[in-house]
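Report on the structure given below.
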There are 2 protein chains.
Amino acid sequence: MAKHKLIFQPVGAKIEVEGGANILEAAAESGIYINSLCGGEGVCGKCKVQITRGEAKPTSQSIRFLSREEINSSFVLACQTEVRSDLEVWVPPEARLEEEQILTTESMVCYQSPQDLEIKDTLDIPSLLYMPVTQKIYLSLPKPSITDNLADLDRVFREVRKKIQAPTLEISLGSLRSVASMLRENEWEVTATLYPIDDHCVEILSLEPGDTCAENYGIACDIGTTTIVAQLVDLRSGAILGVEASHNQQARYGEDVISRMIYACSRGGLSPIHQAVVETVNTLIDTLEEKHGVEAGNVTALTAAGNTTMTHLFLGLEPCTIRLEPYIPTANFLPSASAAELDLHVHPNGRVTCVPGVSSYVGGDITAGVLASGISNSAQVSALIDIGTNGEIVIGNNEWLVCCSASAGPAFEGSGTKCGMRATRGAIQKVVIDSEKVHYETIGGAKARGICGSGLIDTIAELYRNRIIDSSGKFPRASAHPRVREYEDDMEFVLASGDETETGKSVVITESDISNLIKSKGAILAAMRLLLNNVGMSFEDLERIFVAGGFGNYLEVEKAIFIGLLPDVAPERVKFIGNSSLTGARMALLSRHALARAKTLAKQMTYIELSVDPKFYDEFVAALFLPHTDMDLYPSVKRVMGG
Amino acid sequence: MAKHKLIFQPVGAKIEVEGGANILEAAAESGIYINSLCGGEGVCGKCKVQITRGEAKPTSQSIRFLSREEINSSFVLACQTEVRSDLEVWVPPEARLEEEQILTTESMVCYQSPQDLEIKDTLDIPSLLYMPVTQKIYLSLPKPSITDNLADLDRVFREVRKKIQAPTLEISLGSLRSVASMLRENEWEVTATLYPIDDHCVEILSLEPGDTCAENYGIACDIGTTTIVAQLVDLRSGAILGVEASHNQQARYGEDVISRMIYACSRGGLSPIHQAVVETVNTLIDTLEEKHGVEAGNVTALTAAGNTTMTHLFLGLEPCTIRLEPYIPTANFLPSASAAELDLHVHPNGRVTCVPGVSSYVGGDITAGVLASGISNSAQVSALIDIGTNGEIVIGNNEWLVCCSASAGPAFEGSGTKCGMRATRGAIQKVVIDSEKVHYETIGGAKARGICGSGLIDTIAELYRNRIIDSSGKFPRASAHPRVREYEDDMEFVLASGDETETGKSVVITESDISNLIKSKGAILAAMRLLLNNVGMSFEDLERIFVAGGFGNYLEVEKAIFIGLLPDVAPERVKFIGNSSLTGARMALLSRHALARAKTLAKQMTYIELSVDPKFYDEFVAALFLPHTDMDLYPSVKRVMGG
C-alpha cells in the first residue's frame, strides 16, 4: 500500500503512514494528541482538524458535527478521515490535547487477550483521562554563566515550569545528590521523570542523560493469593507490551490467605513471606523487561491491586490483625513508596502505588474491579462477582455500592483440586460429556495437563446433566459409568486418560474436588443472596452481572448457572470480564483520574461483614446443592433436570 | 519572697509562683499560652484575662485596653499584672492560644549567653509565631470493634483530625509498618509526632507508646567552616536547654572552604568530608542529649544554617561547582530530609531542614543572620556583616537587600593565627596595652590558652595605638619593646608569657598573624564599600551595623573601627549580635513562619559577585592599612594617631 506524508501544524510534526490510516491515529503516532472523547468512534465531534494541503473528504457520519463554513474550509473529523494522499493538517488549539490530558481507551490498546477486549465496552471512558503515574520530559538547559547563575536545581525547575504547570516542584535529597554531575556530564541535556503528587505538587523522581522520553514504562500488577499477573505498559501510548503470570511463591508458606497470615504472625515472621511475593513480582518484571528489551531503569511506575492481605504482605505490613475479629487491617489506603523501599527490579525511584481497598476482606483488587467494570457509572443495579480466592461481591450502581466477601476459597482458581491448574497452555477449559464420551478443549490445543476454572465448571455441569453425579455432587455408590473409578479412598471421573495427556497421568475430577467446588460456589451464591437481602433486593433486580476471575476464556454462562454458581438470570445479562483487578490496576497506572476515582470508590463502598450475620450459615447450607436446595430459584435447571 | 498559688480556668491548670511574677509568664509556666502579640510589652491588649478569685488591679498603662465594664468585672492585661496573692484566673477563648499558635520571643527564652540576649530587641516578634517544625500530640484511640472497624491508619487519622486542622494526612510506608503492633501493645494510647509539610498536608513521622508530649526537642545548628555550634531546644516551650560547640572535624581535610572543596572533588571524594561534618554534629548532639538527659528518640527536628559549601557537605551534595566560575551550587533551597538519611543521632524520622541560601558564597547562615537581625523589618538602611570564614555582607531594609561575600578568610575566628582559638574558656578576649605593660582578660577568668577574635582585634588596635606596629601592621626593624621578639624567622609580640598560661607556652601574636588579620579586615571593608557603591550609597547612609561572628563577648566597637574592620561611624550604631546564624536556625526550628520568611528573604536578596568587579582589587589594596590608606575615611583614628 502507498505511503503518505503528513505534517501537523502549528507544531510541524511529521509522520509517514500507510494509505487508509486515519488522521487521528497518524497524529498520535507523530506525537500530536487530538481530543477524542469517544475514542475515535466518530460520535463526539471533538477531533475537528483542518486540511490545509492535500485532499480529504469528510464522511457522511461526520457531517453532522461540521458547519457549512467548516466544510467549505476543509474541516474534517480526524477519526473519520482516511489518509489517501500527502496532507498538511492544522490542529486548532481546542482540538489539541496537552500531553497530560491525553485520553486513551481500552480499545486503542494493542492487546490480544480476549478478557481484555471483552472488557472494553464497560470501561468508563471519560474517567480514563490519560495521565500516567509518571511522565518524562526532556530538558535542554541553558548553561549557567555569571549573569545567569541560578543554582542547578532552580535551573532545572525553571525549565520544567516551561513545560508543565506545577506551583510546587520537589526533589528528594537522594535524587538531588547526582544532579550537578548529571547536568555537566551530559551537556545540560537531560530527561526528568516527573511524579505529580497532586494538583499542586510535582516531584522530580530522577534526571537521566539525554532524551529518553520515548522510553517510559510501567508495570500493572494483580497480586493474587494463588497467581500473580503483571503487564508491561508503555506509559506514553498506554499500549500493553506484554503480560506474564506466575504462581505466588508465597504458596510454600501456605496455600490460602489464612495459613499465610498465621505463618507471618507466628512461625516464620513477616520477612520471608514478604520477600516471596516481592520475588514473584520481580521474576515477572525481569521476564517482561527481557522479552521486550526494556531496561529496568526505564520502568518508572508500578501499580498493584490485590486483596488486603496480599497488599499488606507485598508492602511488608503486618497482616496479623486482619485474621482476628474485628478484622482490622493496618490500612486500606496505602502510602505510595519508592521501588527501592521494596527492592523491586524497576527504577529505584519508581513509584509504587497500591489500589486502595475497603476492608480486611474486600481489598484493592475489588476496588480495581469496580473501576474496570464500570458498575458505578450507571444507574442500572449491577453485581460484580470476583471468583478468585475469596469470592468477593459488590452490588450497586452510580449512587450506592455494598460489598462483602464470601471466603469461598481458591477452588475455581484450580487450587485445592487434584488436577486443577491456572488457565494456561494445556488446561482443559471446555468439556462436553455425551453419555460415555468426553469431548474437551485445551488452551492452545496442547496435550491436556490439568483443568482450569472454566473446565471445572463445565465438568460439574456436564456430570450433573448426565446424572453421573447427583445434586449433592456425589457419584452413586454403584456407578456403572466406565470413566468413574475408585482411587485412594475417593471416587473420581477420568476426563483424559494418561495416553492423551502431556504427563502420561490421567486428568480427573474427584468427589472431594466436586465437594470443594460446591462449597465455593455455595459460599458465593449465599453471599450474593444475603447482600441483596440487605438492600431489599433479589436476583431479579440485577440488571447486569460482571464475573471476574482467572478461569479460561470460554466459560459458558449457562453452565455456571446450571451448577448454581450464578443466579438463574437471562444469560445475556452476565458478562465475564476476566482479570478485572489487573485491568483496574492498569487504569490507575495510566490515569491519575482513575486512581482518584478508585479512592472515591473505596470510600463509597459499604462493607457488610457476613461472618456476624446468623443467616449466612443457613443460606450457605441451602446452596450446597446443584444448583440449590430450592429448585424454584433455578427454573431453567428445573426444566432440564426435573424438580 | 512569698509564693502564691494560681489556677487558670477553664482548663484548671495550677502553678505556684513568686510574688511579683506577671500573670502572662505564670500562665506560660503552667502550660497555658495566652495570646500576646507584643511579647508582653503591654501594647497590644490581646492578653485580657478575668480575675475570678483573689485580687489584682490593672495598671494605668493597661486601662486604655479595657472597657469600663471589663474593669468592673475584674479584667486585666495578663502581661501587665503582677501576682500579689493567690488568684483564680479565667482565660477567655479569644485570649487563649492553641499550642500551634504560641508566640514566643527571644526575651522569653531562658538562655544566658550575652550574644543571645543582645539580639532580642531586634527580633521580628510577629514573624516568630510559634509553630515548631514538629509537634507531638497524644492520642487515646477507641478500640476497634465489628461496628467501628476503621483500619488502624484511618483510626489514627480520625483522632489526629480531632486535634488539628489538616486536609491531608500522610505517613510513610516505613512508619506505617509498625503502626499495628504499636497501637495494640500500648492499649491504643500513643503519641504522634507531626510534621506539617505545608498548610494543607501534615505528615505523621512516628507513633510512640503512651503520652510523651512533654518530651519533644529540636536541635538548632550553625555549621561553620571552622566551628560548629548546636543548641538543644525544648520545642514545647522554645527554651534553650543547652549549647555545645566544637571544631569542625572537616579541618583535617583542609583549613578553609576551598581546600575542602578541592579534597571532596578530587583526592578524597565527598564521602569522608561529608562524614566528618556529620560526625561533628553527632558529637555535639550526643553531648547535649547526655548532659540534659534527653533521649535521641525525643529529638524530632534539626534545623541547620551554614554557608553554601558547608550545607552541601552536610547534606552530601557535591560542592565542586561552587568553586569554579560561574560559581553554581547544586541548590540554594534544600529539600528537607529524614535524620536517618544523614545518620544523625536523633529520631530516625526526625526532620532535617537547612535554612536556604542565596548563592554559592552567600549561604543559609547569612539568610539566618538577616532573619535574626531583623534588618529586613525596618525602613532604616542597615548592614549585616558576618565576620566568620568568608566575611559576608548584606545591606538593605524592608524593601531591598543586596549581598556579597568578601572571601575574608577565618582569621577572626582564631584560625590561621599562631595562638588563635575559639571564644571559649581561657581565650584572651580583651587586651589593653599600657606602654610596656599588657592587661588582658580571659573568658571564664581561666589561665590564658590563646586569643579569640575580640582579643585579636584589641591586640592589633592596642599595638597600633601604642605605635608598637606601624600602619602596615609591621614591627619596626629595630623594635626596642621588651615584649617584641624574633622567633623562627618571624617577629612576634608576647601577650602572656609561659608562666602565666595554662600550657606553659607563651601566647603571642606574630607579624604574619597581623598581616592575615589585616587582609581579612581589608577584604571586608573593601566589600562593604563596593556594595554600598553599587546602590549609590556610602558609609554615612548606614543607620545600623549588625556585626555577627564568633568572637568573644566584649568586642569593643571603637577598636574594631580603630583597625579599620568597621567604617568610622558613631559607635552606638554598631551592634554585635553574636552567632546570628545559630539564632536564625533556632527561629526556623521554632516557627514555620520564620522558615517561610527565610525562604522569602533568600529569594529577595540580590547577590553581587565581587570577583568579577575590577574595582574590588583596588579597594582591597587600599584597605590593607590600619585603618585605611585614606585616613580621611577614619577621622576618629586620625585624631588619635595624626594624619
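Mind checking which residues of the range A:230-239 are in a strand (DSSP E or B) and either at pLDDT below 90 or surrounded by 22 or more Cβ atoms within 10 Å (Cβ to Cβ) (or both)? Step through it out loud before you land on a result.
Let us first name the residues in the range A:230-239 that are in a strand (DSSP E or B), namely A:230-234.
Matches in the range A:230-239: A:A230, A:Q231, A:L232, A:V233.
Residue check: is B:E295 acidic (D, E) and either within 11 Å of chain A (Cβ to nearest Cβ) or within 16 Å of B:A527 (Cβ to Cβ) (or both)?
Details: acidic (D, E): yes; either within 11 Å of chain A (Cβ to nearest Cβ) or within 16 Å of B:A527 (Cβ to Cβ) (or both): no.
No.
Is there any pair linking a residue in the range A:347-367 that is aromatic (F, W, Y) to one that is surrounded by fewer than 24 Cβ atoms within 10 Å (Cβ to Cβ) and not in a helix (DSSP H, G or I), with Cβ under 7 Å and at least six apart or on different chains, and which?
A:Y361/A:Y327
Name the pairs whose Cβ atoms lie under 6 Å apart, with the first residue in the range A:293-306 and free of Cβ contacts under 8 Å to residues at least 60 places away in the same chain, the second among the acidic types (D, E), and 6 or more positions between them or separate chains?
Listed by first residue and then by second, the contacts come to A:A296/A:E289.
Select from the range A:501-514 the residues that are over 30 Å from the mean Cα position of the chain (by Cα) and of a type outside the set (A, V, I, L, M) and list them in ascending order.
Across the range A:501-514, the qualifying residues are A:T501, A:E502, A:T503, A:G504, A:K505, A:S506, A:T510, A:E511, A:S512.
Identify the residue in the range A:596-643 that is touching a Pro at 6+ places or on another chain (Cβ under 7 Å) and more than 30 Å from A:A461 (Cα to Cα) and, among all such residues, is surrounded by the most Cβ atoms within 10 Å (Cβ to Cβ). Show your work before the answer.
Let us first name the residues in the range A:596-643 that are touching a Pro at 6+ places or on another chain (Cβ under 7 Å), namely A:598-599, A:602, A:634, A:637.
With the extra rule that they be more than 30 Å from A:A461 (Cα to Cα), the set shrinks to A:598-599, A:602.
On the way: A:A598: 29, A:K599: 15, A:A602: 24.
The qualifying residue surrounded by the most Cβ atoms within 10 Å (Cβ to Cβ) is A:A598.
Quick check, is A:S145 in contact (Cβ under 8 Å) with a residue 12 or more places away in the chain and within 14 Å of chain B (Cβ to nearest Cβ)? Give the derivation first.
Values: in contact (Cβ under 8 Å) with a residue 12 or more places away in the chain: no; within 14 Å of chain B (Cβ to nearest Cβ): yes.
Answer is no for this residue.
Would you mind listing the helices (runs of 4 or more DSSP H) fully within the range B:100-211 where at least 3 residues are within 30 Å of A:Y361 (Cα to Cα) and either acidic (D, E) or modelled with pLDDT of 95 or more (or both)? Step through it out loud before you land on a result.
Values: elements: B:114-118, B:152-163, B:173-176, B:179-185.
Output list reads B:152-163, B:173-176, B:179-185.
If B:V432 meets every condition in (1) in a strand (DSSP E or B); (2) out of contact with any His (no Cβ under 7 Å at 6 or more places or on another chain) apart from one, which number is that one?
(2)
Every residue, every condition in (1) more than 20 Å from the chain's Cα centre (by Cα); (2) within 23 Å of B:L150 (Cβ to Cβ); (3) assigned by TED's automatic domain parsing to the domain that holds A:G536, yes or no:
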{"site": "A:S360", "(1), (2), (3)": "yes, yes, no"}
{"site": "A:D365", "(1), (2), (3)": "no, yes, no"}
{"site": "A:V381", "(1), (2), (3)": "yes, no, yes"}
{"site": "A:S415", "(1), (2), (3)": "yes, no, no"}
{"site": "A:M421", "(1), (2), (3)": "yes, no, no"}
{"site": "A:S435", "(1), (2), (3)": "yes, no, no"}
{"site": "A:T442", "(1), (2), (3)": "yes, no, no"}
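Answer yes or no as to whether B:A276 is more than 19 Å from the chain's Cα centre (by Cα), crowded, with 17+ Cβ neighbours inside 10 Å, away from chain A (no Cβ under 13 Å) and under 21 Å from B:I228 (Cβ atoms).
Values: more than 19 Å from the chain's Cα centre (by Cα): yes; crowded, with 17+ Cβ neighbours inside 10 Å: yes; away from chain A (no Cβ under 13 Å): yes; under 21 Å from B:I228 (Cβ atoms): yes.
Spelling it out, B:A276 is indeed more than 19 Å from the chain's Cα centre (by Cα), crowded, with 17+ Cβ neighbours inside 10 Å, away from chain A (no Cβ under 13 Å) and under 21 Å from B:I228 (Cβ atoms).
Just for the range B:212-221: of the residues that are touching a residue at least 24 places away in the same chain (Cβ under 8 Å) and outside any strand (DSSP E or B), which one is nearest to B:H347 (Cα to Cα)?
Start the filter on the range B:212-221 by keeping residues that are touching a residue at least 24 places away in the same chain (Cβ under 8 Å), which leaves B:212-213, B:215-221.
Filter once more, so that each one left must be outside any strand (DSSP E or B): B:212-213, B:215-216.
Working: B:T212: 14, B:C213: 15, B:E215: 12, B:N216: 11 Å.
Result: B:N216.
Residues checked against (1) closer than 30 Å to A:S378 by Cβ; (2) at pLDDT 95 or above; (3) among the small types (G, A, S); (4) not in a strand (DSSP E or B):
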| position | (1), (2), (3), (4) |
| --- | --- |
| A:R477 | no, no, no, yes |
| A:A480 | no, no, yes, yes |
| A:E486 | no, no, no, no |
| A:S520 | yes, no, yes, yes |
| A:N533 | yes, no, no, yes |
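Tally the residues that are touching a Ser or Thr at 6+ places or on another chain (Cβ under 8 Å) and either more than 24 Å from A:A423 (Cβ to Cβ) or buried (at least 18 other Cβ atoms within 10 Å of the Cβ) (or both), restricting the search to the range A:279-298.
So the first thing to find is which residues in the range A:279-298 are touching a Ser or Thr at 6+ places or on another chain (Cβ under 8 Å), and the list is A:280, A:283-284, A:298.
Checking which are either more than 24 Å from A:A423 (Cβ to Cβ) or buried (at least 18 other Cβ atoms within 10 Å of the Cβ) (or both) leaves us with A:280, A:284, A:298.
So the answer is 3.
Note down all Cβ pairs under 6 Å where the first residue falls in the range A:162-181 and is at the interface with chain B (Cβ under 7 Å from one of its Cβ atoms), the second is among the hydroxyl-bearing types (S, T, Y), and they're at least six residues apart or on different chains.
The qualifying pairs are A:V179/B:T330; A:A180/B:T321; A:A180/B:T330.
Can you spot a residue in the range A:549-566 that is within 18 Å of A:D618 (Cα to Cα) and polar (S, T, N, Q)?
Within the range A:549-566 (the criterion being within 18 Å of A:D618 (Cα to Cα) and polar (S, T, N, Q)), the answer is no, since none of the residues qualifies.
Would you mind listing the helices (runs of 4 or more DSSP H) fully within the range B:552-643 where at least 1 residues are under 24 Å from B:A408 (Cβ atoms) and in contact with a Leu (Cβ under 7 Å, 6 or more places away or on another chain)?
The qualifying helices (runs of 4 or more DSSP H) are B:557-562, B:580-590, B:592-604, B:615-622.
Given the condition in contact with a Cys (Cβ under 9 Å, 6 or more places away or on another chain) and within 30 Å of A:Y327 (Cβ to Cβ), answer yes or no: does some residue in the range A:547-567 qualify?
Of the residues in the range A:547-567, the ones in contact with a Cys (Cβ under 9 Å, 6 or more places away or on another chain) are A:550-552.
Next, from what is left, pick out any that are within 30 Å of A:Y327 (Cβ to Cβ): A:550-551.
Yes, the range A:547-567 has at least one match.
What about A:E255, is it of a type outside the set (A, V, I, L, M, F, W, C) and either part of a strand (DSSP E or B) or within 16 Å of the chain's Cα centre (by Cα) (or both)? Let's see the steps before the verdict.
Details: of a type outside the set (A, V, I, L, M, F, W, C): yes; either part of a strand (DSSP E or B) or within 16 Å of the chain's Cα centre (by Cα) (or both): no.
No; evaluated as a whole, the condition is false for this residue.
Residue by residue through the range B:152-161, note down the ones that are within 11 Å of chain A (Cβ to nearest Cβ) and either surrounded by fewer than 19 Cβ atoms within 10 Å (Cβ to Cβ) or among the acidic types (D, E) (or both). Working first, answer last.
Our first condition is that a residue be within 11 Å of chain A (Cβ to nearest Cβ); within the range B:152-161, this holds for B:152-157.
Correct list: B:D152, B:D154.
A:A585 is checked against (1) more than 14 Å from chain B (Cβ to nearest Cβ); (2) in contact with a Gly (Cβ under 9 Å, 6 or more places away or on another chain); (3) surrounded by fewer than 24 Cβ atoms within 10 Å (Cβ to Cβ) and fails just one. What number does that condition carry?
It is condition (3) that A:A585 fails.
The values are calculated or read from the model by the stated rules, or taken from the named source; none is laboratory data. Here the structure is a predicted model, which is why all the values come from computation and not from measurement. When we count neighbours, we look across all protein chains shown, and the Cβ atoms used for this are built from the backbone with ideal geometry, even at glycine.
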